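The values are calculated or read from the model by the stated rules, or taken from the named source; none is laboratory data. Because the structure is predicted, anything quoted here is derived from the model rather than measured. Cβ: placed from backbone, ideal geometry, glycine included. Neighbour counts: every protein chain shown.
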Amino acid sequence: MKRRITALGLLMISVSFSAQMGHKSDNDTIRIQTIEDVNLHKTGNPNKAIPLSTKSSLTVMENPQPIAIVTHEIIEQQQAKQLSDVIRNVNGIYITSARGGSQDSFGGRGFTFGNDNTFKNGAKVNSGVFPEVSSLERVEVLKGANAMLYGNVGPGGIINLITKKPRFDFGGSVGFNAGSWNSYKPMIDIYGPLSKNIAFRMNGTYEYAESFRDLVKSQKNYFNPSFLFNLSENTQLIVEGDYLYQHFTPDFGVGSVIDDATGISRLATEIDRKQFLGASWQYQTNQQATTDIVLNHKFSSKWSLNAVASYQNYTKDYFSTERTTWAYNSAVGNFSPEWKRPLGRNYTEQNYTSLQINLNGEFKTGTINHKVLIGTDGDYGLADTYAYKFTNSAASSFGSIFLDKPSSTWTNDGAMPDTYRSSRNRIATKRFGLYVQDLISISKEFKVLAGVRWSYIKNDDTKVRDFITNLDTETAKSGAQDHAFSPKIGLIYNPNDNLSVFATYTNSFTPNAGFDEFDHSLKASTVDQYEVGIKKNLWNNAIAVNLTAYQINNTNAYTAPYLPSGALALYRVYAGNIRSRGVELDITGNPMKNLSLIGGASYNNAVYTKTPDNGFVEDQRLVRTPAFTANASAFYTFTTFVKGLKLGATAFYTGDRKAGWNDVKGQKQVTRMIDVKGFTTVDISVGYGWSRFSIQGKVGNLFDVLSYNVHENYSVNPITPRNYYFTLTYKL
């Protein structure tokens, strides 16, 4: 029987730690100020903030690493509906695509983001969902290799979602968002004191949305309660939980066209972007419940402790048609081979528990000042994957369609086939780490950041349960364990509070799951990152301008090869090394009291190097990695003339990129890659506030630009065309 998650069945504990614990209020209690950092929200300058993601008490200016922060003010004024709308404000991080468009997917610096790159309140979460953005206080992005603090994370960076926290002043809001394609979303957020030492916050939403794509729709429920306990003047506890349920239509888009004679692939632009090619009944249901407990304790003005315990349950129930790939026969001049729509069904469940403890302190050795972080973390994950078989084997395909015969073959009707569970694969993963970091002030201007982490990871052998024979077996080839030291060294020139110049080197390792063709476990990838940058505050500290250049070398990359039959192999083969180079510019701030600006640009070149004789072509850009990205956003609120009027505009550019697969040495086809042109979308906003009410209107993709997000060469999803939304809010 399918297990279901209920919000009442889980308790979430989330605590964030920082040396800046807060100040006493009128009722002699303390508050955490780092959740809503005064500098960050007053000036819009992230360089003055203390990001929770670094686990330390260092400001952005003191960290020799690019850190981007998108606050809830930006999320709300842009009327962001998904996390991808928020991430567009961070240069160097770009939107990619998942199979069937089934989740928010990102890449950074040439590398894709997965579960190891996504965090909520500092704890890892499954990335296979569309997170609810209305609950976010802010989104923090640590770019590049961050393994010194987080262990085996991917080299592109991490995204940390910081949810809204309880407050001791009563307030909140109720809102309603509605717009294109029958979309509507009521929202509520209430906070306040329960007693002298206990505060609460409750926020939640329901969302229903259809799509510009025929038959595609989504339904989401979200609930996020949290409680803050002042256990003493110097000790706080935050207990937090959230529950997300989303039922939606997986959509593989318009597909691609392959020329049988040349092997050249291209996007299927002949298909209208609203045309849905799957079954009317196909679905995916995601449920995610997370719980966190965090204890913050301040020993003195210079020493403080943070402990975070978290638990997550994630399930995915999926039943859908699969890939859409057309074949064009140039000899006869039409799309002669039929495309059979195969069906796929699976059910996955992940249970994940983690604990981390961070000790921050400050002391002197002679005239040298030290800011240290000492920490440890560990986690245990259990992942179950259920396979299904069809009661009627003939039902494993949902009919055939032809690109040149839409009237007679393009049908979405048909009964959902009967299936039954056939087997379950269970994998347990254990991780443990110890880390220490010290910011050493050699002089007032020159500082050194030195740190090292020791990491251990073990993937147990896969346990297979056959429900047909009721036999249990163990797949020995899947198990692996590894450990490594990950050092980090940074040099900082900080002549004043408004300028920081830095250079860093980081080494880390990323375990590779799976096995090779000889049933041997895969070697871990080693990642070396070199980075230099400048952080500068301008306009009386109101604007932050950060410029960074980097190179990342990732050794021991692996890929799943395609067999002669065209099927994807279960094993993996050595692919070579990956080298990523780039430059990133971020600009954020409020140069005037009523003007909010965000902007910047990035360039990246990620290629394969040192590949085997039958491997990928060297020095060829990795697919799905744009060379250039850029963004600009400006919002202005009038205090005279039409007081309360707010006008805003945003523009986002994603450069040319390649879809499909990178070419292989000696392949018969001309290329396996698809050219995807760069595009720019522009949004405009207008809002008006009076008394406790505000109303905002937005036109997204103003010029109705057509482009695509592409996962390999078969899940080709058009971007959202011109759309209209409004939000009505009442402040309590």
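Inside segment 250-294, residues that are at pLDDT 80 or above, of a type in the set (Val, Ile, Thr) and not in a strand (DSSP E or B) make up a count of 3. Taking segment 456-488 as the range and being crowded, with 16+ Cβ neighbours inside 10 Å and under 18 Å from TYR505 (Cβ atoms) as the test, the residues that pass are ALA484, SER486, LYS488.
Screening LEU403 with (1) closer than 22 Å to ASP460 by Cα; (2) in a loop (DSSP other than H, G, I, E, B); (3) among the hydrophobic types (A, V, I, L, M, F, W, C) gives one miss only, at (1).
Listed here are the residues, each with its yes/no results for (1) basic (Lys, Arg); (2) modelled with pLDDT of 90 or more; (3) within 30 Å of PHE363 (Cβ to Cβ).
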position: ASP384; (1), (2), (3): no, yes, no
position: ASN392; (1), (2), (3): no, no, no
position: ALA395; (1), (2), (3): no, no, no
position: THR409; (1), (2), (3): no, no, no
position: ASN412; (1), (2), (3): no, yes, no
position: PRO417; (1), (2), (3): no, yes, no
position: TYR420; (1), (2), (3): no, yes, no
position: SER443; (1), (2), (3): no, yes, yes
position: PHE446; (1), (2), (3): no, yes, yes
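Counting only strands (runs of 3 or more DSSP E) that fall entirely inside segment 95-195 and contain at least 3 residues that are surrounded by 20 or more Cβ atoms within 10 Å (Cβ to Cβ) and modelled with pLDDT under 95, the qualifying elements are 106-108, 118-120, 136-143, 157-163. Scanning segment 458-473 for residues that are modelled with pLDDT of 90 or more, under 30 Å from ALA484 (Cβ atoms) and either within 30 Å of the chain's Cα centre (by Cα) or of a type outside the set (A, V, I, L, M, F, W, C) (or both) turns up just one, LYS463.
The residues of segment 491-517 that are modelled with pLDDT of 75 or more and over 15 Å from VAL448 (Cα atoms), listed by number, are ASN496, ASP497, ASN498, LEU499, ASN507, SER508, PHE509, THR510. Out of curiosity, is TYR636 more than 23 Å from LEU267 (Cβ to Cβ), among the hydroxyl-bearing types (Ser, Thr, Tyr) and outside any loop (DSSP other than H, G, I, E, B)? Against the criterion (more than 23 Å from LEU267 (Cβ to Cβ), among the hydroxyl-bearing types (Ser, Thr, Tyr) and outside any loop (DSSP other than H, G, I, E, B)), TYR636 qualifies.
The listed residues are PHE223, PHE212, PHE229, PHE200, and the only one of them that is part of a loop (DSSP other than H, G, I, E, B), at pLDDT 95 or above and under 29 Å from LEU161 (Cα atoms) turns out to be PHE212.
Has segment 268-287 got any residue that is free of Cβ contacts under 8 Å to residues at least 60 places away in the same chain, polar (S, T, N, Q) and under 28 Å from ASP704 (Cα atoms)? Scanning segment 268-287, I find at least one residue that is free of Cβ contacts under 8 Å to residues at least 60 places away in the same chain, polar (S, T, N, Q) and under 28 Å from ASP704 (Cα atoms), so the answer is yes.
To keep it simple, each residue is scored yes or no on (1) at pLDDT below 90; (2) assigned to a loop (DSSP other than H, G, I, E, B); (3) more than 24 Å from the chain's Cα centre (by Cα).
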{"site": "ASP519", "(1), (2), (3)": "yes, yes, yes"}
{"site": "TYR530", "(1), (2), (3)": "no, no, no"}
{"site": "ILE534", "(1), (2), (3)": "no, no, yes"}
{"site": "ASN537", "(1), (2), (3)": "no, no, yes"}
{"site": "ASN540", "(1), (2), (3)": "yes, yes, yes"}
{"site": "ASN546", "(1), (2), (3)": "no, no, no"}
{"site": "ALA549", "(1), (2), (3)": "no, no, no"}
{"site": "THR555", "(1), (2), (3)": "yes, no, no"}
{"site": "SER565", "(1), (2), (3)": "yes, yes, yes"}
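Scanning segment 612-626 for residues that are part of a strand (DSSP E or B) and surrounded by fewer than 20 Cβ atoms within 10 Å (Cβ to Cβ) gives a single hit, ARG621. Is it the case that THR629 is modelled with pLDDT of 85 or more, crowded, with 16+ Cβ neighbours inside 10 Å and assigned to a strand (DSSP E or B)? Yes.
Looking at segment 669-732, the strands (runs of 3 or more DSSP E) lying wholly inside it that each contain 1 or more residues that are in contact with a Ser or Thr (Cβ under 7 Å, 6 or more places away or on another chain), among the basic types (Lys, Arg) and more than 30 Å from VAL617 (Cα to Cα) sit at 693-700, 723-731.
Among all positions in segment 671-678, there is at least one residue which is more than 16 Å from GLN78 (Cα to Cα), among the hydroxyl-bearing types (Ser, Thr, Tyr) and surrounded by 14 or more Cβ atoms within 10 Å (Cβ to Cβ). Within the option set VAL90, VAL86, being closer than 16 Å to VAL70 by Cβ, over 9 Å from the mean Cα position of the chain (by Cα) and part of a helix (DSSP H, G or I) holds for one residue only, VAL86. One residue stands out in segment 715-732 among those that are aliphatic (A, V, I, L, M) and within 15 Å of ILE271 (Cα to Cα): the one that is modelled with the highest pLDDT, namely ILE719.
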